[in-house]
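Reviewing the structure listed below.
The values are calculated or read from the model by the stated rules, or taken from the named source; none is laboratory data. Because the structure is a prediction, the values reported are computed rather than measured. Here the Cβ is made from the backbone with ideal geometry for all residues, glycine too, and neighbour counts use every protein chain on show. For accessibility, only protein heavy atoms count, side chains too; no ligands or nucleic acids. Shrake-Rupley method; radii C 1.70, N 1.55, O 1.52, S 1.80 Å.
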Amino acid sequence: MARTNDAAPILVSGGGIGGLAAAYTLALQGLPVRVFEQSPEFREVGAGIQLGPNIFRVLEKIGLKDAILADAHRPPAQEMRNALTGKLITRIPLGDVFFKRFGQPYGVTHRADIHGTFLKACQDSNLITLENSRRVDSYEERDDGVTVVLDDGERVNGRALIGCDGMWSQVRERIVGDGKPRVSGHIAYRAVLKREDVPQDLWRPDVVLWAGPRTHFVHYPLRRGELYNLVAVFHSDRYEEGWNAEGSTELLWEHFKGQRPEVLRMLERIETWRMWVLCDREPVKNWSSGRVTLLGDAAHPMLQYLAQGACMATEDAVVLAEKVAVLPNDLPAAFQAYTQDRYLRTARVQIMARVYGDFYHARGVTAELRDLALAGRTPEQSYEGIAWLYGGP
Ligand SMILES: Cc1cc2nc3c(=O)[nH]c(=O)nc-3n(C[C@H](O)[C@H](O)[C@H](O)COP(=O)(O)OP(=O)(O)OC[C@H]3O[C@@H](n4cnc5c(N)ncnc54)[C@H](O)[C@@H]3O)c2cc1C
């Protein structure tokens, strides 16, 4: 049987934000890494993402904070408004007081920009090999290494395998075996406008969330304010699965009719929406087995209501590399230590994201109660409520 020596690379399946972050943090520890991405290019689809102070804390550790902030927009506040009455429910300042409280900023960025920063960092490392159009079909594990089998039949030996292959992870199926993700019944439509295409009186520097019955609509600027991100979410059981498909505009109007003109005028600007059927999974206590582990959406896929999936994947990558640095000659033990460090924090985000979703989409008396409860909060109370997340990892 082939033996794998310590100079063999760590293999990564998937080159999304999680896979590239893992490759980069492991290379910083001096380890060679090979990343296999099934798509013909290393590229992010989709639109904007929000970045909490917790991701900037770990990005600072790995030297990428400034590069990611350079492309981002720093919103002065997060606002929640009632989509039927237009009333301001709560406004959470994200400026100096927020920075003082968490020691890091809040940012919003284009997914292509954050992914592009990780990609460039990986390309600049002579320890990382990036390979496109290469799908990991299966793997075999031995005491001293892992062999992955690619879609063209090639077998590649490595010291270990990290499954960063997203929500429908094949590597997870072997380790956790919990089948398909849970379809939430919520659908997200996303689009990006140029700043000049946003009606002038509707352009806002803040992250604004319009909470409606079984819907919400979020908008914020991207890329230093040059672009504008729109996300409309509604409940529907019409789709079982779907990822970055074109969304039907009629279905959107059915769900948003009767909402404030500010919402409808903004939705009208979009001709083509991309649609995501939102899924997650139940949290698990362990996602490592021997020399194989998971990271990002493969490990703990979550609904997007806390805006944390990419933040959690990046935290994972930094913690994983720290554990490997402590136990470089015992990767199975390092992977166990990584999982034990991460599972409760990520489980809390998975669970709380569902709760936030219900809160945003509340109807009738529940919505009235939500508005009352939030209106009474000071910014400091809002910060306190989210300190478990933004204060970590
Ligand atoms: C509507 C929406 C809004 C969101 N908003 C935010 C936000 O504001 N903030 C935030 O932090 N997060 C947000 N997220 C979540 C975030 O986008 C994800 O959590 C994050 O991108 C996950 O990264 P990943 O690398 O783990 O997985 P993915 O991005 O899914 O990457 C997986 C990669 O693996 C590749 N792959 C899959 N199988 C194989 C295989 N067998 N072999 C080789 N390659 C393979 C895929 O092609 C893909 O490139 C949002 C998500 C959605 C849907």
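With the condition being among the polar types (S, T, N, Q) and touching a residue at least 60 places away in the same chain (Cβ under 8 Å), I'd like the helices (runs of 4 or more DSSP H) fully within region 247-335 carrying at least 2 qualifying residues. Break it down stepwise before answering.
Details: elements: 249-256, 261-268, 309-326.
Counting at least 2 such residues, we get no helices (runs of 4 or more DSSP H) at all.
Return the total of residues in region 20-73 being under 30 Å from Glu384 (Cβ atoms) and either more than 19 Å from the chain's Cα centre (by Cα) or part of a helix (DSSP H, G or I) (or both). Explain how you work it out, then say what you get.
Step one: list which residues in region 20-73 are under 30 Å from Glu384 (Cβ atoms), which gives 21, 48-62, 64-66, 68-69, 72-73.
So of that shortlist, the ones also either more than 19 Å from the chain's Cα centre (by Cα) or part of a helix (DSSP H, G or I) (or both) come out as 21, 53-61, 65-66, 68-69.
Here the count works out to 14.
Residue-wise test of (1) more than 25 Å from Leu119 (Cβ to Cβ); (2) within 9 Å of the ligand (Cβ to nearest atom).
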site: Leu20; (1), (2): no, yes
site: Ala23; (1), (2): no, no
site: Ala27; (1), (2): no, no
site: Phe36; (1), (2): no, yes
site: Arg43; (1), (2): no, yes
site: Ile49; (1), (2): no, yes
site: Asp66; (1), (2): no, no
site: Gly86; (1), (2): yes, no
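Please work out which residue is surrounded by the most Cβ atoms within 10 Å (Cβ to Cβ), limiting yourself to region 131-150 and to residues that are of a type in the set (Gly, Ala, Ser) and closer than 13 Å to Val292 by Cα.
Going through region 131-150, the residues of a type in the set (Gly, Ala, Ser) turn out to be 133, 138, 145.
If we keep only those that are closer than 13 Å to Val292 by Cα too, we end up with 138, 145.
On the way: Ser138: 13, Gly145: 22.
Among residues in region 131-150 that are of a type in the set (Gly, Ala, Ser) and closer than 13 Å to Val292 by Cα, the one surrounded by the most Cβ atoms within 10 Å (Cβ to Cβ) is Gly145.
Select from region 15-26 the residues that are open to solvent by 10 Å² or more (accessible area, probe 1.4 Å) and closer than 19 Å to Asn157 by Cβ and list them in ascending order.
Correct list: empty.
Under 8 Å by Cβ, and 6 or more places apart or on different chains, what pairs join a residue from region 112-139 that is at positive phi with one that is among the small types (Gly, Ala, Ser)?
Listed by first residue and then by second, the contacts come to Ser133/Ser39.
Sort out which residues of region 150-166 are of a type outside the set (Lys, Arg) and closer than 21 Å to Phe335 by Cβ, and write them in order of number. Full working, then the answer.
Filtering region 150-166 down to residues of a type outside the set (Lys, Arg) leaves 150-154, 156-158, 160-166.
The answer is Val156, Asn157, Gly158, Ala160, Leu161, Ile162, Gly163, Cys164, Asp165, Gly166.
Just one of Arg342, Arg354, Arg370 is assigned to a helix (DSSP H, G or I), open to solvent by less than 60 Å² (accessible area, probe 1.4 Å) and more than 16 Å from the ligand (Cβ to nearest atom); which is it?
Numbers: Arg342 fails: more than 16 Å from the ligand (Cβ to nearest atom); Arg354 fails: more than 16 Å from the ligand (Cβ to nearest atom).
The match here is Arg370.
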